[in-house]
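Please read the structure below before turning to the comments.
The values are calculated or read from the model by the stated rules, or taken from the named source; none is laboratory data. In this text the structure is predicted, and so the values were computed from the model without any measurement. Quick reminder, even Gly has a Cβ in these numbers, built from the backbone with ideal geometry, and neighbours come from all protein chains shown.
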Amino acid sequence: MIECIFTIDYELSGNGEGSLKELVYDPMERLLGTFRKWKKRFVVFVELAELEMIEAKKADPDIDLIRNQIRNLHKEGFELGLHIHPQWYNARYENGRWLLDYSEYNICTLPRNRIVQIVDRSIAYLRGILGISDFTPLSFRAGNWLFQPTRTPASVLAERGIKVDSSVFKGGLRYQHNLDYRRALTNGHFWRFTDHADIPDPDGALLELPIHTQMVPFWKMLAPRRVNLQHIGFGGTESRVKKIYRLMDFLRFWHPLKLDFSCMTINELERMLDKVARDDEEDPNSFRPIIAIGHTKELVDFETIGSFLSYLGGKGIAVSTIEEVYHRCNC
């Protein structure tokens with residue numbers, strides 16, 4: 001049995017550039033229109049550190065539009081998840097530009113008390129937006145998918161009532177930040193974990209619903225809609241060290257292609273789900289929650305998203321939320 005869960009990271013570009021209206025609010029309104037037409041729901045991973053700091057520094061006049069949109073999403077039944085890029089909390093806003101604190105780029109490498117501060121602050125800000133003093137998101141996604149080392153942040157999240165992580169993408173590798181999800185390649189479609197997000201532990205407090213990937217040859221990662229030369233380390237204004245790390249990431253034959261509905265063509269999306277459907281035909285008794293990812297800042301082709309929803313309907317594949325599949329993941 002297959003169920004597809006659309007998740008969207010609700011955020012600006014990584015360096016803080018761009019307007020909330022153009023990169024967050026407007027794309028979300030168009031995405032809502034598409035999903036309302038099909039009477040489906042998705043999960044919104046709200047980047048709360050970024051939004052709180054933008055509001056505190058009065059850096060964007062449209063922050064109230066964003067707050068209202070988040071409230072309306074919740075009222076309309078769209079699930080809200082916790083998403084944090086911790087480098088925002090010590091950020092400075094000078095001369096119209098953000099100077100982020102990259103020493104806090106990976107929440108997992110911070111001391112426990114700092115992780116507690118960041119998680120509690122983010123949840124409190126979301127509760128303030130919603131006007132619900134006891135609201136707790138069901139799920140979490142780490143900024144830049146960095147959820148290693150796992151044990152301390154996982155325990156902090158579990159203590160606060162969060163039950164699901166969706167940061168892992170099987171086969172993922174980032175040398176600069178010591179991210180390595182290659183061990184997860186042999187895992188199923190979901191698992192519980194304690195010390196390592198990519199290693200199953202039946203007694204773990206958190207459930208992992210990984211972003212769906214397919215391992216592909218490196219040249220399939222070079223599609224114009226998905227990446228350009230700057231992104232893989234051969235150009236742009238990044239530091240030399242960062243370019244070297246990106247090159248190291250790229251220099252391997254097989255790469256994980258994420259099920260990304262904001263970057264992929266309809267043919268790519270259908271081919272990836274066709275593979276899942278073939279597996280399901282061979283083993284129809286297994287539950288296959290498939291996590292698709294998108295980013296508001298990258299949403300441009302809404303026709304493709306509509307076509308993909310039509311394809312899923314034609315295949316009899318349900319579109320669900322994390323909350324709807326959580327209790328069916330009996331592991």
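Selection within the stretch 101-113: residues that are under 20 Å from the mean Cα position of the chain (by Cα) and assigned to a loop (DSSP other than H, G, I, E, B). The member of this set that is surrounded by the most Cβ atoms within 10 Å (Cβ to Cβ) is N106. Applying the set (1) in contact with an Asp or Glu (Cβ under 9 Å, 6 or more places away or on another chain); (2) modelled with pLDDT of 95 or more; (3) of a type in the set (S, T, Y) to T152 leaves exactly one unmet item: (1).
Give A142, A154, A184 a once-over and let me know the one that is farther than 20 Å from F45 by Cα and surrounded by 22 or more Cβ atoms within 10 Å (Cβ to Cβ).
Numbers: A142 fails: farther than 20 Å from F45 by Cα; A154 fails: farther than 20 Å from F45 by Cα.
Criteria check complete, one pass: A184.
Residues checked against (1) in contact with a helix residue (DSSP H, G or I) (Cβ under 7 Å, 6 or more places away or on another chain); (2) within 28 Å of A184 (Cα to Cα); (3) assigned to a loop (DSSP other than H, G, I, E, B):
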| position | (1), (2), (3) |
| --- | --- |
| I115 | yes, yes, no |
| L126 | yes, no, no |
| S133 | yes, no, yes |
| F140 | yes, yes, no |
| P153 | yes, yes, no |
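Filtered by the rule that a residue be surrounded by 15 or more Cβ atoms within 10 Å (Cβ to Cβ) and either among the acidic types (D, E) or closer than 23 Å to N113 by Cα (or both), the stretch 170-181 gives H177, L179. Of the candidates L51, L80, L73, the single residue that is in a helix (DSSP H, G or I), in contact with a helix residue (DSSP H, G or I) (Cβ under 7 Å, 6 or more places away or on another chain) and in contact (Cβ under 8 Å) with a residue 24 or more places away in the chain is L51. Picking from residues in the stretch 31-45 that are touching a residue at least 12 places away in the same chain (Cβ under 8 Å) and assigned to a loop (DSSP other than H, G, I, E, B), the one that is farthest from I322 (Cα to Cα) is K40.
Any residue in the stretch 161-169 that is crowded, with 16+ Cβ neighbours inside 10 Å, over 23 Å from T321 (Cα atoms) and modelled with pLDDT of 95 or more? Within the stretch 161-169, not a single residue is crowded, with 16+ Cβ neighbours inside 10 Å, over 23 Å from T321 (Cα atoms) and modelled with pLDDT of 95 or more.
Among the candidates R192, R183, the residue that is part of a helix (DSSP H, G or I) and over 18 Å from the mean Cα position of the chain (by Cα) is uniquely R183. Taking the listed residues I54, I70, I5, I66, the one that is under 19 Å from D165 (Cα atoms) and among the aliphatic types (A, V, I, L, M) is I5, with no other qualifying.
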